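Here is the structure we will look at.
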Amino acid sequence: MRLAPKQIETFRDDFTYSNSPEAIARFPFPFPEDEYRYSVNIEPHVTPGPAGSAFEFLFDIDEHYLSEMAERGIVLEENPKRCLAMPHMDLACWDLIERAMVSLSEDYPQWFSLSRDGDRWHWQNHLLHIDDEFVFGDSASLPQPPMEYIGRQLQGDLALLDQRDGDLFLDAGIVTCPADWSLAFDAGMSFKEWHGPVPLAHEMGVFERALKYLTAIPVGSPVRRLNWTLTVNARMDTSPETYPEWGHERTGITAENVGEKLHLRVELQVLDRMPRSNALLFSIRTYLISFDDLCTNPDWARRMHRVLKTLPPELIEYKGLSRYHQTAVDWLSRFDPLS
Amino acid sequence: MNDAVASYTVKSRPDYHEVAPDQTAQCHVFITDSAGLAQSEALCQASPVAKKQAWHIGDSDTLPAGYEAIQSGDWQAVLGEQLSGFGIATAFYVSGLEAFLWQVHGVLTKAGFAPSQIHLEPPAGNQRDVFCTHCYHITPDVSTTPARCAGCGRLLLVRDHFSRLHCAYVGVQINAEDPAEVPPTEELS
Amino acid sequence: MSGSYIEVQVEQCRQVAPAIKEFALKALDAPLPAFSPGSHVVVEMRDGQKTYRNPYSLLSDPRDPSAYRIAVRLQEQSRGGSRFMHERIAEGSRLRISPPANLFAPDWRARKHILLAGGVGITPFMSYLPELQRRNADFELHHLFRSSRTGAYDADLRQRLDGRYFAYDSARDKRCPVAELMAAQSPGTHIYICGPQSLIDAVYANAAQIGWPQEHIHVEAFAAPEPGEPFEAVLCKSGKTIQVGAEESLLEALEREHIEVPNLCRGGVCGQCVTGVRDGAIEHRDHFLSEREKSSGQCLMPCVSRAKGPKLELEI
């Protein structure tokens, strides 16, 4: 049985966000080996996965649901352009609404319910006290544009990629907790363009292989991969838009506060074919855990040390870790008997 | 965000090659701003004497023979209207500053022409348009990094990450992590 | 085939042209997924020890997932699949199909869509039409067939599409003027072709000649693998040796030996089944690999390509 969402905690200002022991136990630790290396590392997202895990269902709803939805509301209020959908993506947005509402109501019947009579749908989200009737496919029958409407009810960032000419284009999305990329700037880019700033991988042919794989994903066979970086404080919105507000936090890591302030940030990325539009859903579900909490698991602590220690300099720079990388490695070394 | 100008190549930055006239096209159209005029004229003279059209976009009194003027005001709308007379097998040659090249590219693709029909010459200068990720303002004709955003006044690191939709490179505040750091100004490539 | 299969039952089958049969498929347990125009499914047919797997376009309305319809042309040179569908499958028969995949979707940015169908190549366009009409898109359907064999849905389409439908029955000596058709189009027009290689070649040759943009030409090119000489495939990693018969593809031979290779189109287009080659001459028959990759001799597409000699050594 899943833990019900907690009361609202914050991802800014006083940072009251915390993980319960159960949330720590189910944290999707991303490193399969001691040395970090680049790979496409995509695997089938077969559901249901292990009971209670982050991989159990298509969309993971956990104890941070209310907090993350409140945070998303703050970001959108400050800057409504953090959500966009080009006109040709309307059908894809409805594909996403169907996929989300059907799976949420089946996977979490205690929190969500859906009843359908042809195109007349009735949706209830008991956690957010939403109770709406609308006509499927008719965007005017929703209280908000379809991408924003469903995006405000799902944890994690969402992008819908239009597939044309064997390529994928970033033509719709709601991105309020990104690891340093801007939907407004990257809008409309091809797969390789929006990955343009990523070092090393292009030369290794990673994106050619990934693109070939992704464009061929059939309906009903989602795949997933994990990505990661480090974040100072439990800040969800580490976007370029708000960088002037949080950039200075990177200079505040000391040997004394690493455990409390530094967080491992893991993205569970799921790619799922949208049936009617042939678009590809790219959902990026973000999990944050403080180093103190992470190191309650000795295996994770040891491995985290080894991964950071062997991380190539290009990636240290790209992930924005330069200012505190050495401090973090030194602090973690106490958990590694080989150091 | 990076502390220095990215040391690796960014793949969203377009590659440009020398342009040769497309021998199969039924019609050739040359479009240039003032910076690209010499390039455009040379190419125009080298191309086969099929059906030709040449436009200069901008405010100029003296134009080479064969070039028609489109005033810089709302030139994108004017150009779009002019295009309706051209057939599907038309080749376009665009010369000028980089942002201009992609603005024309946008007008042409919106009119239904395919990227393979649109030949962009290497940019006629190092000036870039820069999209500020903080206020979304686009500052034109930037030739150094860091550069001041004309919208919010922040000092922006200009990166090589390019958007064809915005016809601009991305700019991110350079000293957000430590305001004491003001790196030396460098000329853009 | 990757992913999970869907169990279906044939709800209806009917002759829609002298050589074309249509089958309506209903799911046995879960509802069928919605799909996008131009999608296909791979149908798995079990014939005793033999298993055929053929891709067929979905021709029902994409917004109506109550049943999938496919149409199968009986191939004179059938390697078994189309004959099996025609002779052994009837109402009530059970089959397994893959979930829909799409390698031939419309480009919705097009200002006008020209659909060129040759024979049974009408099938993918059957799922385009309802969506084009719903969106009030500008389009024309050009249907090339020989009424003694093909020409499915001709009367129905004539009625439904009125002035947007153009039929060319070669049995009555009517030919499609491809060159004039292309030259007459305005910017923003896209052409979609599903039909014989000769039709595809004609469109591309004409495009190259008059400077028509190649990106605006979309092709549903996959076709059943052609037979060839039998050969031996040595699987270097697993140490197995398998015999590939004249009538089967290398991919089918591998599947017969329970060696799974990811695949989607089974017709040399999607690139999923690309396999490394250690040694042996290759007869490339795909549309996926570049000329450079083909001449390197280091990989092939086992769904259509074969050995050029008696033996191939593969990196699997």
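The values are calculated or read from the model by the stated rules, or taken from the named source; none is laboratory data. Note that the structure is predicted; figures quoted are calculated from it, not measured. As a convention, Cβ positions derive from the backbone with ideal geometry for all residues, glycine included, and neighbour counts pool all protein chains shown.
Looking at A:142, A:226, A:170, can you tell me which residue is among the aliphatic types (A, V, I, L, M), more than 14 Å from the chain's Cα centre (by Cα) and more than 28 Å from residue B:149 (Cα to Cα)?
None of the others qualify; the one that does is A:142.
Which of the residues spanning region A:19-39 are in a loop (DSSP other than H, G, I, E, B) and surrounded by 16 or more Cβ atoms within 10 Å (Cβ to Cβ)?
A:19, A:26, A:27, A:28, A:29, A:30, A:31, A:36 - these are the residues of region A:19-39 that are in a loop (DSSP other than H, G, I, E, B) and surrounded by 16 or more Cβ atoms within 10 Å (Cβ to Cβ).
Could you please find all residues in region C:275-292 being without any contact (Cβ under 8 Å) to a residue 40 or more places away in the chain, touching a strand residue (DSSP E or B) at 6+ places or on another chain (Cβ under 6 Å) and either hydroxyl-bearing (Ser, Thr, Tyr) or surrounded by fewer than 20 Cβ atoms within 10 Å (Cβ to Cβ) (or both)?
Pass one, region C:275-292, residues without any contact (Cβ under 8 Å) to a residue 40 or more places away in the chain: C:277, C:279-282, C:284, C:286, C:288-292.
Imposing the further condition that a residue be touching a strand residue (DSSP E or B) at 6+ places or on another chain (Cβ under 6 Å) reduces the set to C:277, C:279-280, C:282.
Across region C:275-292, the qualifying residues are C:279, C:280.
Considering region C:30-69 alone, what residues qualify as being farther than 17 Å from residue C:5 by Cβ, crowded, with 18+ Cβ neighbours inside 10 Å and without any contact (Cβ under 8 Å) to a residue 60 or more places away in the chain?
C:34, C:69
Please enumerate the residues belonging to region C:21-46 that are touching a helix residue (DSSP H, G or I) at 6+ places or on another chain (Cβ under 6 Å) and of a type in the set (A, V, I, L, M, F, W, C). Don't jump to the end; show me each part of the working.
Step one: list which residues in region C:21-46 are touching a helix residue (DSSP H, G or I) at 6+ places or on another chain (Cβ under 6 Å), which gives C:21, C:37-38, C:45.
Passing the criteria: only C:45.
Looking at region A:297-335 only, could you name the residues that are away from chain B (no Cβ under 12 Å) and either touching a Pro at 6+ places or on another chain (Cβ under 7 Å) or not in a helix (DSSP H, G or I) (or both)?
Result: A:297, A:310, A:311, A:335.
Residues in region C:60-103 that are of a type in the set (A, V, I, L, M, F, W, C) and within 14 Å of another protein chain (Cβ to nearest Cβ): how many?
Of the residues in region C:60-103, the ones of a type in the set (A, V, I, L, M, F, W, C) are C:67, C:70-72, C:74, C:84-85, C:89-90, C:95, C:97, C:101, C:103.
In the following step, the residues that additionally are within 14 Å of another protein chain (Cβ to nearest Cβ) were identified as C:97, C:101, C:103.
Here the count works out to 3.
Go over the candidates B:125, B:112 one by one and state the one that is within 14 Å of chain C (Cβ to nearest Cβ) and out of contact with any strand residue (DSSP E or B) (no Cβ under 7 Å at 6 or more places or on another chain).
Values: B:125 fails: within 14 Å of chain C (Cβ to nearest Cβ).
Residue meeting the stated conditions: B:112.
Among (1) surrounded by fewer than 21 Cβ atoms within 10 Å (Cβ to Cβ); (2) touching a helix residue (DSSP H, G or I) at 6+ places or on another chain (Cβ under 6 Å); (3) under 15 Å from residue A:27 (Cβ atoms), there is one condition residue A:323 misses while meeting the rest; what is its number?
(3) is the only condition that residue A:323 fails.
How many residues are touching a residue at least 12 places away in the same chain (Cβ under 8 Å) and under 21 Å from the mean Cα position of the chain (by Cα) if we restrict to region C:191-224?
Final tally of qualifying residues: 21.
Could you please tell me which pairs satisfy a Cβ distance under 8 Å, a separation of 6+ or placement on different chains, a first residue in region A:102-118 that is farther than 15 Å from residue A:63 by Cα and touching a residue at least 24 places away in the same chain (Cβ under 8 Å), and a second residue that is of a type in the set (D, E, K, R) and assigned to a loop (DSSP other than H, G, I, E, B)?
Cβ pairs passing all conditions: A:107/A:56.
Does residue C:155 fit the bill of being surrounded by 14 or more Cβ atoms within 10 Å (Cβ to Cβ), of a type in the set (Gly, Ala, Ser), over 15 Å from the mean Cα position of the chain (by Cα) and more than 14 Å from chain A (Cβ to nearest Cβ)? Talk me through it step by step, then tell me what you get.
On the way: surrounded by 14 or more Cβ atoms within 10 Å (Cβ to Cβ): no; of a type in the set (Gly, Ala, Ser): yes; over 15 Å from the mean Cα position of the chain (by Cα): yes; more than 14 Å from chain A (Cβ to nearest Cβ): yes.
The answer is no for residue C:155.
Here are B:68, B:98: which of them is under 30 Å from residue B:133 (Cα atoms) and either touching a helix residue (DSSP H, G or I) at 6+ places or on another chain (Cβ under 7 Å) or in contact (Cβ under 8 Å) with a residue 12 or more places away in the chain (or both)? Break it down into steps so the answer makes sense when it comes.
Numbers: B:68 fails: under 30 Å from residue B:133 (Cα atoms).
Exactly one residue qualifies, and that residue is B:98.
Can you find, within region C:169-213, the residue that is nearest to the other protein chains (Cβ to nearest Cβ) among those that are surrounded by fewer than 17 Cβ atoms within 10 Å (Cβ to Cβ) and outside any helix (DSSP H, G or I)?
The residue in question is C:186.
As an exercise: evaluate residue A:150 against (1) outside any strand (DSSP E or B); (2) away from chain B (no Cβ under 12 Å); (3) touching a helix residue (DSSP H, G or I) at 6+ places or on another chain (Cβ under 6 Å); (4) surrounded by fewer than 18 Cβ atoms within 10 Å (Cβ to Cβ) and give the number of the one condition it does not meet.
So residue A:150 meets the others, but not (4).
So residue A:248 fits all but one of (1) more than 10 Å from chain B (Cβ to nearest Cβ); (2) of a type outside the set (Asp, Glu); (3) closer than 30 Å to residue A:335 by Cβ; what number is the exception?
(1)
Could we say that residue A:231 is at pLDDT 95 or above, within 14 Å of another protein chain (Cβ to nearest Cβ) and buried (at least 19 other Cβ atoms within 10 Å of the Cβ) here? Spell out how you get there, then give the answer.
Details: at pLDDT 95 or above: yes; within 14 Å of another protein chain (Cβ to nearest Cβ): yes; buried (at least 19 other Cβ atoms within 10 Å of the Cβ): yes.
In short, yes.
Identify, by number, the condition in (1) of a type outside the set (Lys, Arg); (2) at pLDDT 95 or above; (3) farther than 30 Å from residue C:188 by Cα that residue C:303 doesn't meet.
(2)
Can you tell me which residue in region B:46-65 is farthest from the chain's Cα centre (by Cα), limited to those that are exposed (fewer than 13 other Cβ atoms within 10 Å of the Cβ) and away from chain C (no Cβ under 14 Å)?
Looking at residues that are exposed (fewer than 13 other Cβ atoms within 10 Å of the Cβ) and away from chain C (no Cβ under 14 Å), I get B:49.
Can you tell me which residue is surrounded by the most Cβ atoms within 10 Å (Cβ to Cβ) among those in region A:271-312 that are in contact with a strand residue (DSSP E or B) (Cβ under 7 Å, 6 or more places away or on another chain) and among the aromatic types (Phe, Trp, Tyr)?
A:287
Filter region C:233-278 down to the residues that are within 14 Å of chain A (Cβ to nearest Cβ), over 17 Å from residue C:42 (Cα atoms) and among the small types (Gly, Ala, Ser) and list them by number.
Within region C:233-278, C:276 is the sole residue that qualifies.
Taking the options A:76, A:58, name whichever one is modelled with pLDDT of 95 or more, touching a Gly at 6+ places or on another chain (Cβ under 9 Å), among the aliphatic types (A, V, I, L, M) and farther than 30 Å from residue C:137 by Cβ.
Working: A:58 fails: touching a Gly at 6+ places or on another chain (Cβ under 9 Å).
Checking each option against the conditions leaves just A:76.
Among (1) touching a Ser or Thr at 6+ places or on another chain (Cβ under 8 Å); (2) crowded, with 19+ Cβ neighbours inside 10 Å, where does residue A:61 come up short?
With (1) touching a Ser or Thr at 6+ places or on another chain (Cβ under 8 Å); (2) crowded, with 19+ Cβ neighbours inside 10 Å applied to residue A:61, the lone miss is (1).
So which residues in region C:271-316 are assigned to a strand (DSSP E or B), acidic (Asp, Glu) and within 19 Å of residue C:239 (Cα to Cα)?
At the first step, the residues of region C:271-316 found to be assigned to a strand (DSSP E or B) are C:275-279, C:282-283, C:299-300, C:306-307, C:311-314.
With the extra rule that they be acidic (Asp, Glu), the set shrinks to C:279, C:283, C:313.
Listed by number, the residues that qualify are C:279, C:313.
Taking residue A:78, is it within 27 Å of residue A:179 (Cβ to Cβ), of a type outside the set (Gly, Ala, Ser) and surrounded by fewer than 19 Cβ atoms within 10 Å (Cβ to Cβ)? Give the derivation first.
Details: within 27 Å of residue A:179 (Cβ to Cβ): yes; of a type outside the set (Gly, Ala, Ser): yes; surrounded by fewer than 19 Cβ atoms within 10 Å (Cβ to Cβ): yes.
Answer is yes for this residue.
So, residue A:162, is that one closer than 23 Å to residue B:10 by Cα and among the charged types (D, E, K, R) or not? Give the steps one after another, and end with the answer.
Numbers: closer than 23 Å to residue B:10 by Cα: yes; among the charged types (D, E, K, R): yes.
Yes.
Is there a residue being surrounded by 19 or more Cβ atoms within 10 Å (Cβ to Cβ), without any contact (Cβ under 8 Å) to a residue 24 or more places away in the chain and among the hydrophobic types (A, V, I, L, M, F, W, C) anywhere in region B:76-85?
no
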